[in-house]
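Below: the structure, in structure tokens.
The values are calculated or read from the model by the stated rules, or taken from the named source; none is laboratory data. These figures come from a predicted structure and were not determined experimentally. All Cβ positions, glycine included, derive from the backbone under ideal geometry; neighbour counts span all protein chains shown. To get the accessible areas, we keep the full protein, side chains included, count just its heavy atoms, and leave off ligands, DNA and RNA. Shrake-Rupley method; radii C 1.70, N 1.55, O 1.52, S 1.80 Å.
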Amino acid sequence: KPKYNWDTQIKTLLQREPPADKWNFVVLGDTRNNVSISKQLYRKSKELWPDMLFHTGDIVRSGTARELIENHIGVIEKEHLPFPVFCVPGNHERGIFYNFAAYNALYGSDRFAFVHEQCNFIGINNSGKRGIGDEELNFIKTALEKPSKFSFVFLHIPPAFFEAAFVLDSRRRGFKKNAGRFHEILCEHKVTEVFFAHIHGYASEVIDGVRYTLTGGGGAPLSRRLHKSNRHYHLINMKVTPQGLERDLFVYRDKEWIVKHTQ
């Protein structure tokens with residue numbers, strides 16, 4: 001539906017003049033058709049009154065149009081979310097022909113970039129190849145040149161060097177191609193935080209001044225590659241205040257919510 005393409009959704013964002021002192025956005029990922037969990041995360045998000053929500057990919061299991069309509073859009077519409085939802089595609093959105101056809105038909109593009117309330121938001125597709133291509137790097141770099149107070153980047157697959165900081169084994173599912181250049185661009189432009197999924201759970205690490213965060217606890221089977229304390233369903237509430245950023249990790253366990261304030 002045209003109402004879900006990025007340009008349309010960006011236009012629905014509340015524009016304040018002057019910019020708001022305090023506002024927030026929510027991040028989650030890897031819902032993977034688990035409607036019973038994802039609807040709880042969306043309901044909690046609705047209670048937090050964010051300006052928008054970001055999904056870090058693997059929205060559904062096989063990338064079909066039926067799944068996206070029934071297990072994603074259907075849930076969002078049934079829960080009557082009053083804010084736009086920006087989703088980057090995961091490897092499970094590739095579809096049977098590995099071309100992200102259903103995802104692209106729904107959203108119109110596999111990338112977005114916009115400024116909201118003096119903050120830069122950039123999302124790209126890095127699930128169609130092993131790594132990040134030069135085109136994606138140039139897109140990120142160009143988007144980051146817009147003046148902003150904070151900058152946030154969203155993609156699905158994390159770089160291998162970040163994965164090494166939180167997994168319990170030696171194998172790597174993260175990307176290596178152009179990972180160094182990707183990190184250099186983030187550092188050069190002083191990106192505030194970059195969000196990923198792909199590995200099902202939570203982790204966060206500051207590397208050379210850039211915070212890397214794994215948020216893959218949206219409903220997919222939790223990964224035993226992570227420490228037990230990081231294996232949970234969750235969402236992250238990012239609050240922008242005059243003093244800076246505040247991060248709240250909302251953990252959903254045994255049908256109860258636990259809030260953890262993080263730095």
Going through segment 33-136, which trypsin sites (Lys or Arg not before Pro) have at most 13 other Cβ atoms within 10 Å and a DSSP loop state?
129, 130
By how many nm would the segment from residue 134 to residue 35 grow when fully extended, if each residue of separation counts as 0.36 nm and the alpha-carbon distance is taken off?
32.1 nm
Residue by residue through segment 201-213, the couplings from Karplus 6.51 cos²θ - 1.76 cosθ + 1.60 with θ = phi - 60°, in Hz, x for Gly and Pro, are x, 10, 6, 8, 8, 8, 10, 6, x, 9, 7, 9, 10
Please report the spacing between the Cα centers of segment 175-193 and segment 232-249 in Å, no decimals.
22
Segment 1-121 - share of DSSP beta bridges that are antiparallel (%, nearest 5)
35
If I stretch the segment between residue 243 and residue 11 completely, what's the gain in nm (0.36 nm per residue apart, minus their alpha carbon distance), one decimal?
80.8 nm
For the chain, what does the helix formula give at 222 nm: sum of -39500 (n - 2.57) over DSSP H segments with n ≥ 4, over the residue count, nearest 500 deg cm²/dmol?
-6000 deg cm²/dmol
In sequence order, calculated HN-Hα J values of segment 66-72 (Karplus, 6.51, -1.76, 1.60; Hz; x Gly/Pro)
4, 4, 4, 6, 7, 9, 10
According to the square roots a ≥ b ≥ c of the eigenvalues of the Cα gyration tensor, what is the shape class of segment 1-140, taking rounded for a/c under 1.5, prolate for a/b larger than b/c otherwise, and oblate for the remainder?
oblate
Accessible area per residue in Å² at 1.4 Å probe, computed on segment 46-195
43
Report, for the chain, the % of DSSP beta bridges that are antiparallel, rounded to 5.
65
Counting Lys +1, Arg +1, Asp -1, Glu -1, what net charge surrounds residue 169 among other residues with beta carbon under 11 Å of its beta carbon?
+4
Tell me the carbon and sulfur percent of the accessible area for segment 61-195, rounded to whole percent, probe radius 1.4 Å.
50
Any chance you could run the full-extension gain for residue 254 through residue 69? It's 0.36 nm times the residue separation minus the Cα-Cα distance, nm to one decimal.
63.8 nm
